[in-house]
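Structure, as structure tokens:
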Amino acid sequence: MSKFTTQFVCQECGASHHKWTGKCDGCGTWNSLIEEVVLKGGAGQSGQEGHSHADLLDFVGVTTENIHEQQQKNRKLTRISELDRVLGGGFVDSSVVLLGGPPGIGKSTLLLQILNSLDPNCGIKNLVYISAEESVNQVLLRANRLGIDRDDIKIATSSSIEQIASTISKYKNDAIVIVDSIQTISTKLIQSTVGSVSQVRYCTQELANIAKCNNIIVIIVTHITKDGMIAGPKTLEHMVDCVLYFEGDKALHNYRLLRCVKNRYGPTDEIGILTMTETGLHEVRDPSSIFLSGDKDNNVGMAIFSGIEGTRSILFEIQALVSFTNSPIPRRSSVGFDANRMIMLLAVLATKCKLNFNNKDVYVNVAGGMKVTESSADMSILAAIVSAALNRPIPSGWLFFGEISLSGSIRKAYMSHQRIKEAQKLGFTDVFVAHNTDDLDQCDTIRIHRLKTIRDLIAVIKESQE
Ligand code: TYD
Ligand code: MG
């Protein structure tokens with residue numbers, strides 16, 4: 001007889017039930033029961049059976065610096081620098097990484113490329129790719145197309161977590177295992193369908209246990225829909241060390257953004273930019289250039305913003321269009337920037353500078369399909385709108401950053417030094433910042449203009465000579 005049984009546990013109050021019901025008897029919540037596996041005669045995960053106690057380690061002499069140093073030293077570089085930076089310097093030993101993204105975005109492609117380019121001297125001898133979605137031949141065909149030339153990559157296909165667990169349990173310390181994807185593997189212990197929350201949670205927990213016990217790196221692929229909702233990625237996030245999201249849409253053309261939303265061993269605000277080509281994914285070394293149109297002849301309603309993504313600066317082109325309308329409710333539309341914030345900026349312009357948009361539709365767009373979330377983009381958004389409204393071009397060497405407060409004053413942005421360095425690299429001549437910006441170095445090639453309020457900003461745009 002099986003040692004395991006399942007029960008239905010309420011995710012709200014923890015009450016367990018023998019059968020699934022729509023409503024929890026304990027707390028009355030609807031649709032909160034999830035099937036979970038339990039060991040008969042005792043609680044706990046299958047990986048821990050047989051252990052009556054946890055191993056204790058001496059804490060003496062272990063400082064956080066030691067651990068940090070050790071971790072940094074042991075990091076496994078993928079040598080895809082965009083990915084290494086997002087991870088905080090490569091993979092950490094025994095870590096579990098979740099790679100999420102919509103179908104067809106390039107997750108399987110990226111993972112094969114990771115195996116191929118992994119630093120051969122990092123101590124990892126076993127490179128294992130387990131596919132539950134594609135046959136071995138399909139994986140080989142793709143590998144061929146990508147020019148994968150390492151002959152020590154092992155490929156298997158399986159959709160049973162028990163099979164996968166027994167295959168990878170034999171590796172200790174020197175392996176990286178990719179499981180593609182968690183929605184297509186399942187355990188026979190749980191009756192619910194493949195891809196259900198119970199299945200993906202159980203399988204992820206099993207893989208995480210193996211990674212921690214055997215000190216191997218496990219990368220788990222998970223599918224998400226556009227709004228990030230399908231069976232569980234959100235519920236899986238707390239079970240793993242690092243969560244990466246791979247994004248890209250039609251507006252971004254062939255560009256793919258790699259974002260880190262959770263990282264126990266590094267920063268979470270970095271983004272990696274890759275481009276999908278005939279021969280797989282390639283790094284984009286100079287991201288600013290892809291988001292700037294370089295259209296120097298038509299600068300009305302166009303302002304450049306120097307933004308910060310993680311530790312580096314990227315330049316964005318902000319476009320604005322102001323058009324006459326007879327509608328009593330003029331349109332306010334914004335793509336790539338918070339529409340409410342744009343409306344707030346228009347209200348500041350109307351109140352503080354008597355620049356009214358009552359009979360005008362206003363459109364704002366961040367070129368290249370990018371999203372700008374920083375409030376220090378305010379000044380560039382406003383500059384683009386004012387330029388469009390007054391039909392005054394903004395000279396092509398100008399760049400703006402700074403937040404605008406409701407009083408109309410301009411507030412300084414953080415990391416101004418990095419922002420200006422990027423602008424300098426790309427040949428910008430004039431940077432407009434808040435009057436009290438202090439973290440700036442002396443710089444010969446770029447003129448820095450310090451502005452106090454939006455009135456100063458409007459004045460410089462009015463006086464601009466293209
Ligand atoms: P894939 O890695 O299969 O996506 P996922 O695993 O996220 O579902 O990538 C599929 C897409 O990538 C497919 O539309 C074809 C495209 N692609 C290229 O453009 N170039 C390539 O070299 C490869 C391998 C795929
Ligand atoms: Mg795939």
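Read-outs throughout are calculated quantities, based only on the coordinates presented, and are distinct from any laboratory measurement. This structure is a prediction, so every number in the text was calculated from the model and none was measured. Backbone-built Cβ (ideal geometry, glycine too); neighbour counts: all protein chains shown.
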Relative contact order for region 75-283 using alpha-carbon pairs under 8 Å, separation at least 6, rounded to a whole percent? 29
Can you divide the C-alpha Rg of region 1-41 by 2.2 N^0.38 Å and report the result to two decimal places? 1.18
Starting with the highest mean, order 392-404, 364-376, 163-175 by the number of other Cβ atoms within 10 Å, averaged over the residues of each peptide. 392-404, 364-376, 163-175
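Taking the highest mean first, how do the peptides 379-385, 282-288 order by number of other beta carbon atoms within 10 angstrom per residue?
My ranking of the peptides, most packed first, is 379-385, 282-288.
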Using only Cα atoms, what is the ratio of the radius of gyration of region 385-433 to 2.2 N^0.38 Å? 1.29
Rounded to the nearest 10, the angle in degrees between the Cα long axis of helix 64-73 and the longest principal axis of the Cα atoms of the chain comes to 90
Overall dimensions of region 75-283 as given by Cα atoms, namely Rg and Dmax in Å: 15.7, 45
Note: Asn173 to Glu278 extended length (0.36 nm per residue) minus current alpha-carbon separation gives 34.3 nm
Chymotrypsin sites (Phe, Trp or Tyr not before Pro) restricted to region 1-30 and DSSP loop, no more than 16 other C-beta within 10 Å: Trp20
Please determine, in degrees from 0 to 90 and to the nearest 10, the orientation of helix 136-146 with respect to the longest principal axis defined by the Cα atoms of the chain, where the helix direction is its Cα long axis. 30
Contact order relative to length of the chain, as percent, for alpha carbon pairs under 8 angstrom and 6 or more apart: 11
Of all alpha-carbon pairs in region 298-345, indicate the percentage at a distance above 11 angstrom. 76
What does the charge count around Lys412 come to, taking other residues whose C-beta lies under 13 Å from its C-beta (Lys +1, Arg +1, Asp -1, Glu -1)? -1
Just the number: Rg to Rh for region 313-466, Cα atoms, Kirkwood Rh, two decimals. 0.95
Provide the net charge surrounding Glu283, with neighbours chosen by a C-beta distance below 11 Å and charges set as Lys +1, Arg +1, Asp -1, Glu -1. +1
What's the extension gain from Phe324 to Thr429 if we count 0.36 nm per residue and subtract their Cα-Cα distance? 34.5 nm
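Within the P(r) computed for the chain, what percentage of the Cα pairs occupies the region above 38 Å?
Beyond 38 Å sits 40 percent of the P(r) for the chain.
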Quick check on my link table: of Lys107/Lys412; Lys421/Lys452; Lys421/Lys462; Lys360/Lys452; Lys73/Lys188; Lys412/Lys462, which ones sit more than 30 Å apart, alpha carbon to alpha carbon? Lys107/Lys412; Lys73/Lys188
Cut-off under 5 Å, modelled amide H: who pairs with Lys360 long-range: Thr325
In degrees between 0 and 90, to the nearest 10, how far off the longest principal axis of the chain does helix 454-463 point, with axes built from Cα atoms? 60
With the convex hull built on the alpha-carbon atoms of region 139-240, volume per residue in Å³ sits at 112
